[in-house]
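**Student:** Got a structure for you, written out below as structure tokens; questions coming shortly.
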Amino acid sequence: MTDKIKEEKPVEELKPQEVKEISGETLKGKELEEAAEKESTDPKTEKTLEEKKKEILKKAEKLKGKIKETKTEELKEQIKVKKRTDMLIPLEEYVKSGIYLGTKVVTPQMKPFVYRRRADGLAIFNTDLIDEKMKEGIKYLSQFDAKNIILACKRESGWKAAKMFSELTGIRIFTKKYPAGILTNTQLPDFFENELTIVTDSWLDKNALNDTLTVNKKVLMICDTNNFPKGTSQIIIGNNKSGKSLGVIFYLLARGYCDAKGIKKDIPDLDWWTSENN
């Protein structure tokens, strides 16, 4: 799988505030924002992207074990494995979840984390950087007490994992709807003063993001290639459209937070978090 990714077409150099589409069209400013938002909020666009990503993962599974490597290639792979022994989870688990699959739009801020662009236009995240930013995210999250954190996850595919994350950590979550003004209007009966907001997708969870920034609180954001990490204190990078990918992210956050805070809970294994059934 890793060899297959390496053969993909490199991402073209992007100028500030620009992004190259597969058609070669250059998007700037408002056009770029609209294209990026559409990938997260338009059901048709999101469905097309998810179908394409599932197809890629199916092909990858079929290719497993069919490629014979030379001794030199085997040696290179052994070196890679040695370098990745300190990963939070094995590389193949990241790959299986599709966490490395981005979107067609790549914002300037996310370009440094993109490894390749596929021939079909989908950007591919660097898996080493995914793991690195995940570690940073866990460390950052662990600085806050659960009572001072909220998680906003309007994307339905992430609800199962988000709810388990909340049960394990005690962190309050908002899924179907984020109550307007809950962080900003002190007159509301359910007013809540937090210190950190975890944002699953800045396009879908923009109300929670904007409220958090309005009251000058911190943001930990999960960023796909089409997100702008506006006002964010810390980012985690990866596919924030897929339930499997979000399952991996919330599993690692829950496991890391519980370890750091000494919370003794029975955390379901990774297969539970990435299963579409449960």
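The values are calculated or read from the model by the stated rules, or taken from the named source; none is laboratory data. No experiment lies behind these values; they were computed from the predicted model shown. Don't worry about glycine lacking a Cβ; one is built from the backbone with ideal geometry, like all the others, and counts go over all protein chains shown.
**Student:** Out of 271, 211, 224, which single residue is within 16 Å of the chain's Cα centre (by Cα), modelled with pLDDT of 95 or more and either closer than 21 Å to residue 128 by Cβ or not assigned by TED's automatic domain parsing to the domain that holds residue 106 (or both)? Quick ask: steps written out before the conclusion?
**Tutor:** Working: 271 fails: within 16 Å of the chain's Cα centre (by Cα); 211 fails: within 16 Å of the chain's Cα centre (by Cα).
Of 271, 211, 224, the one residue that is within 16 Å of the chain's Cα centre (by Cα), modelled with pLDDT of 95 or more and either closer than 21 Å to residue 128 by Cβ or not assigned by TED's automatic domain parsing to the domain that holds residue 106 (or both) is 224.
**Student:** Could you tell me whether residue 254 is in contact with a helix residue (DSSP H, G or I) (Cβ under 7 Å, 6 or more places away or on another chain) and among the small types (Gly, Ala, Ser)?
**Tutor:** When the stated conditions are applied, residue 254 passes them.
**Student:** Please find, within region 157-179, the residue that is nearest to residue 86 (Cα to Cα) out of those that are at pLDDT below 95 and of a type in the set (D, E, K, R).
**Tutor:** 176
**Student:** Of all residues in region 75-102, count the ones that are hydroxyl-bearing (Ser, Thr, Tyr) and either touching a Lys or Arg at 6+ places or on another chain (Cβ under 7 Å) or at pLDDT below 95 (or both).
**Tutor:** 2
Here's the yes/no breakdown for (1) crowded, with 23+ Cβ neighbours inside 10 Å; (2) without any contact (Cβ under 8 Å) to a residue 12 or more places away in the chain; (3) part of a loop (DSSP other than H, G, I, E, B):
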position	(1), (2), (3)
103	yes, no, yes
108	no, no, yes
124	no, no, no
134	yes, no, no
187	no, yes, yes
190	no, yes, yes
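**Student:** Another question, if that's okay. How many residues are among the charged types (D, E, K, R) and surrounded by fewer than 21 Cβ atoms within 10 Å (Cβ to Cβ) if we restrict to region 230-243?
**Tutor:** Number of matching residues: 1.
**Student:** Select from region 192-213 the residues that are part of a loop (DSSP other than H, G, I, E, B), among the polar types (S, T, N, Q) and under 14 Å from residue 181 (Cβ atoms) and list them in ascending order.
**Tutor:** Scanning region 192-213 gives a single hit, 194.
**Student:** Check 199, 248 and return the single one that is within 12 Å of the chain's Cα centre (by Cα), closer than 15 Å to residue 150 by Cα and either modelled with pLDDT of 95 or more or not acidic (Asp, Glu) (or both).
**Tutor:** 199
**Student:** Examine region 141-156 for a residue that is in a helix (DSSP H, G or I), among the polar types (S, T, N, Q) and closer than 17 Å to residue 260 by Cβ, and state whether such a residue exists. First the steps, then the outcome.
**Tutor:** Keep residues of region 141-156 that are in a helix (DSSP H, G or I), which gives 141, 146-148, 156.
Then keep just the ones that are among the polar types (S, T, N, Q); that gives 148.
From what is left, the residues that are closer than 17 Å to residue 260 by Cβ are 148.
Checked against the condition, which is being in a helix (DSSP H, G or I), among the polar types (S, T, N, Q) and closer than 17 Å to residue 260 by Cβ, region 141-156 yields at least one hit.
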